[in-house]
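The values are calculated or read from the model by the stated rules, or taken from the named source; none is laboratory data. What you see is a predicted model, and the numbers here were worked out from it, not measured in a lab. All Cβ positions, even for glycine, are placed from backbone atoms using ideal geometry, and neighbour counts span all protein chains on display.
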Amino acid sequence: MNFEQKVLQFIMDEGLIQQKDRLLIACSGGVDSMALLTFFERMKHHLEIEFMVAHVDHMLRGEESAQDRIFVEAFCEERGIACISTAIPIPEILAAQGGNSQAVCREHRYRFFNEMLQKHSLNKLVTAHHADDQLESILMALAKAGTVNGLQGIQVKRPFAKHFVIRPFLMVTKEEIRTYLQQKDGSFREDASNAKDDYTRNRFRHRIVPLLKQENENVAQHAVQFSLQLAQDDAYLQELTQQAFDRIVIKNGEHSYKVAINSFQKEPLALQRRLILILLNYLYNDKNLFQSQTLCTAILNFFKNQNGSAMMNLPEHFVVRREYGNMFFEKEQPNMPIPQQQLVLNDWNELIGVRVYIGETSQMAAPQSDQAQVYYFSAQTVSFPISIRARKQGDRMLLPGMERPKRVSRIFIDEKIPLAKRDECPLLVDVQQDVLAILGVRVSNKFSKHRRANDDYVLIIEQIAE
């Protein structure tokens, strides 16, 4: 195949262009984008499409980049091609806001492209990324993190706002593009910054890629084939993962998801990793966070144990909580402090999530709920006044039928109280700070559900419905 046949075949194989498409061709004036523009000028009738050209001057190279803009505009005017261009003061933006210059350029460039797509009713943005770009992207991703998403490199077609970005040159090399443009007597502008090693991509382009091409001159095309196959395999695995997600993940509310650990562990490891990435994707808008290999591995290891309760902090105030066979992904909730509060006798005391009545049996109030917990005790066994407070390290309570007090922390474990809820359980204490009860969990041996001969006081505990 000649160059044009090769590109047309790739366009057809990947379904990049349909009849009546209206394209916006991104053109910097360099050899790649000028070859892209030349190709579409020659093929527009064959493909039955319309297109416009967009050029962005980032104003980083002064008069040189201004001349790039003039060059592209003049080329299009000579051939009757609609061209829209703009200059964006990137140096001023960097001075005011800071940031990575390449990232800032890309953000503002694509913002302009999106505006032009909408303004002129165009449906696809076309860029001149090629096989060598793909090889560089995969190598850079491998050096940085080595995630499956990263190793897929540049996508042949991807959603862009309400439109699509397509890369019809992705299967051809830089050398093929240059040769094609020379054969068509095409002209272009050379960006002097491409020769510098200031940027990571340039260092890979100048130092690493040439070594690989010495081993095999087709390495760039192999990178593209690898990327396409990996994307296809990953799409299938992602479909299986979504099915598994629907089976084993329960949404508890906004930014809150519950996963049964046993069900998660039954899934193949390849799906386990992707399940975690889906969960992180729901939690975070930051692509770098939800694709973090380190974060994914840490959570994967956390899933290996399903015994007891534990918690792992995630970035941006999210947590993963393990609670007796389940894992919860959620926004960290600040604990409401339980203030020390003396309870009023012979009256209801309204607390957070619970109400408590302590009084003489002769003046006993009627429970307000069928689920009320009623206990009897003797006033001689406690030291008034009685208060509630938060738990403290070292707290112990003597349970019915036991000879020695048991640590409150151990009681929480035995009763399977979630770790995040333990600080929300108020303790009932007497003036000596002896723990009489963990409200809603357990009471000490001083209390009985059945009234005994010496019992002259009653304790009633009721949960308050939310």
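In table form, for the structure just shown:
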quantity: Wholly enclosed strands (runs of 3 or more DSSP E) of the range 418-463 bearing at least 3 residues closer than 20 Å to residue 403 by Cα and assigned by TED's automatic domain parsing to the domain that holds residue 390; calculated: 435-438
quantity: Any hit, the range 301-310, residues being of a type outside the set (A, V, I, L, M), free of Cβ contacts under 8 Å to residues at least 40 places away in the same chain, assigned to a strand (DSSP E or B) and under 18 Å from residue 420 (Cβ atoms); calculated: no
quantity: Among (1) out of contact with any helix residue (DSSP H, G or I) (no Cβ under 8 Å at 6 or more places or on another chain); (2) at negative phi - the single one residue 322 does not satisfy; calculated: (1)
quantity: Test: residue in the range 135-144 that is over 23 Å from residue 76 (Cα atoms) and in contact with a strand residue (DSSP E or B) (Cβ under 9 Å, 6 or more places away or on another chain); calculated: no
quantity: Residue satisfying condition, being among the polar types (S, T, N, Q), over 30 Å from residue 22 (Cβ atoms) and surrounded by 18 or more Cβ atoms within 10 Å (Cβ to Cβ), within set 241, 173, 200; calculated: 241
quantity: When residues of the range 126-156 are limited to those that are small (Gly, Ala, Ser) and not in a helix (DSSP H, G or I), the one nearest to residue 12 (Cα to Cα); calculated: 128
quantity: Residue within the range 324-347 that is of a type in the set (Gly, Ala, Ser), outside the structural domain of residue 437 (by TED's automatic domain parsing) and exposed (fewer than 15 other Cβ atoms within 10 Å of the Cβ) present; calculated: yes
quantity: Top-ranked residue of the range 337-379 - restricted to ones that are hydroxyl-bearing (Ser, Thr, Tyr) and part of a loop (DSSP other than H, G, I, E, B), ranked as nearest to residue 429 (Cα to Cα); calculated: 378
quantity: Any pair with Cβ under 8 angstrom, 6 or more apart, that starts in the range 144-162 at a residue that is touching a residue at least 24 places away in the same chain (Cβ under 8 Å) and ends at one that is acidic (Asp, Glu) and buried (at least 16 other Cβ atoms within 10 Å of the Cβ); calculated: 148/234; 149/234; 152/234; 154/133; 156/14; 157/14
quantity: In the range 385-423, the residues that are under 17 Å from residue 460 (Cα atoms) and of a type outside the set (Val, Ile, Thr); calculated: 385, 387
quantity: Out of 290, 264, sole residue that is at pLDDT below 90, outside the structural domain of residue 413 (by TED's automatic domain parsing) and touching a Leu at 6+ places or on another chain (Cβ under 9 Å); calculated: 290
quantity: Residue ranges of helices (runs of 4 or more DSSP H) in the range 173-249 with at least 2 members outside the structural domain of residue 32 (by TED's automatic domain parsing), within 24 Å of the chain's Cα centre (by Cα) and of a type in the set (S, T, N, Q); calculated: 219-248
quantity: Hey, residue 64 more than 19 Å from residue 27 (Cβ to Cβ), of a type in the set (Asp, Glu) and either in a helix (DSSP H, G or I) or more than 38 Å from the chain's Cα centre (by Cα) (or both) or not; calculated: no
quantity: Where a residue in the range 98-127 is touching a residue at least 12 places away in the same chain (Cβ under 8 Å) and its partner, wherever it lies, is β-branched (Val, Ile, Thr) and assigned to a helix (DSSP H, G or I), with Cβ under 9 Å and at least six apart; calculated: 101/90; 102/200; 104/90; 104/93; 105/90; 108/90; 108/93
quantity: Selection count, the range 32-61, where residues are among the charged types (D, E, K, R), over 39 Å from the mean Cα position of the chain (by Cα) and more than 17 Å from residue 128 (Cα to Cα); calculated: 1
quantity: Criterion (surrounded by 13 or more Cβ atoms within 10 Å (Cβ to Cβ) and in contact with a helix residue (DSSP H, G or I) (Cβ under 8 Å, 6 or more places away or on another chain)) met by exactly one of 117, 139; calculated: 139
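Yes/no per residue for (1) among the hydrophobic types (A, V, I, L, M, F, W, C); (2) buried (at least 20 other Cβ atoms within 10 Å of the Cβ):
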residue	(1), (2)
393	no, no
411	yes, yes
414	no, no
426	no, yes
435	yes, yes
439	yes, yes
452	no, no
461	yes, yes
